[in-house]
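Colleague: Pasting a structure below so you can have a look.
The values are calculated or read from the model by the stated rules, or taken from the named source; none is laboratory data. On a predicted model such as this, the values are computed, not experimentally measured, just so you know. Virtual Cβ from ideal backbone geometry, glycine too; neighbours counted across all protein chains shown. Protein only, heavy atoms only, side chains kept; ligands, DNA and RNA dropped before computing areas. Shrake-Rupley method; radii C 1.70, N 1.55, O 1.52, S 1.80 Å.
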Amino acid sequence: MKVLLQRVKSASVSVESVEIAAIGPGLLAFLGVERGDTSEIATRLANKTASLRIFPSESKPMDRSVVDTGGSVLVVSQFTLAADVRKGNRPSFSDAADPRDAEPLVNHFVDVLRQQIPSVSTGQFGANMQVALVNDGPVTLLLHQA
């Protein structure tokens, strides 16, 4: 499982030109589920997402978590994070979880976040989404748990 986190001033996701979710300051979390991922892995990565200290305090540039700041999180499922591009020019998605296995893990990740963060929004699983964001920093981190 991979989570690509971006600290944002704002972010939104649309499907078929209709905005389905938007947040203010917080985190945009692109979530890629891979074969063999479990709910335990999703729990660990959701907890890490909530507690990662990547927001500024008055004295340090990276000292507070999204929980500490009262920020929001927008979770967007993105199977392309599981791509293998080591051979050739066409990505292989053989490491991506089957959608029937991935969707419950995405939902579990979101549920764990919602236990800690009041404002968690999501994209639409399996949809062609358009994501807009104003990156803050920029701060972009990749969390990976195999």
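Colleague: Size of region 1-76 along its principal axes in angstrom, Cα-based, largest extent first?
Modeller: Computed over the Cα atoms, the extents are 41, 34, 15 Å.
Colleague: Computing the accessible area with a 1.4 Å probe over protein heavy atoms, can you report the carbon and sulfur percentage for region 103-146?
Modeller: 49 percent
Colleague: Okay, next question. Over the Cα atoms of region 4-146, Rg to Rh with Kirkwood Rh, two decimal places?
Modeller: With Rg and the Kirkwood Rh in hand, the quotient comes to 0.97.
Colleague: Heavy atoms of the protein only, probe of 1.4 Å, neighbouring chains included. What is the accessible area of V134 in Å², nearest 10?
Modeller: Here the residue's solvent-accessible area equals roughly 80 Å².
Colleague: Still on this structure, I have one more. Given the DSSP H assignment, sum -39500 (n - 2.57) over each helix run of at least 4 residues in the chain and divide by its residue total; what's the result at 222 nm in deg cm²/dmol, nearest 500?
Modeller: Calculated from helices alone, the mean residue ellipticity at 222 nm is -7000 deg cm²/dmol.
Colleague: Report, in degrees rounded to the nearest 10, the 0 to 90 angle that the Cα long axis of helix 39-51 makes with the longest principal axis of the chain.
Modeller: Rounded to the nearest ten degrees, it is 30.
Colleague: Continuing with this model, one more query. Looking at region 1-120 only, what percent of DSSP beta bridges run antiparallel? Nearest 5 please.
Modeller: About 70 percent, rounded to the nearest 5.
Colleague: Assuming 0.36 nm per residue, please report the length gained on full extension of the stretch A83 to S119 beyond their Cα-Cα distance.
Modeller: Length gained between A83 and S119: 10.0 nm.
Colleague: Taking the square root of 5 times each eigenvalue of the Cα gyration tensor, what semi-axes in Å does the equivalent ellipsoid of region 106-146 have, largest first?
Modeller: 19, 16, 14
Colleague: Counting other C-beta atoms within 10 Å, and keeping those with at most 12, which DSSP coil trypsin sites (Lys or Arg not before Pro) do you find in region 16-66?
Modeller: R35
Colleague: How far is helix 99-114 tilted off the main Cα axis of the chain, in degrees rounded to 10, range 0 to 90?
Modeller: 10 degrees
Colleague: State, in angstrom, two size descriptors of region 24-67 derived from its alpha carbons: Rg to one decimal place and Dmax to the nearest whole number.
Modeller: 13.0, 42
Colleague: Oh, and also: Which lysines have a Cα lying under 20 Å from the Cα of K2, excluding residues fewer than 8 positions away in the same chain?
Modeller: Excluding near neighbours in sequence, the set is K48.
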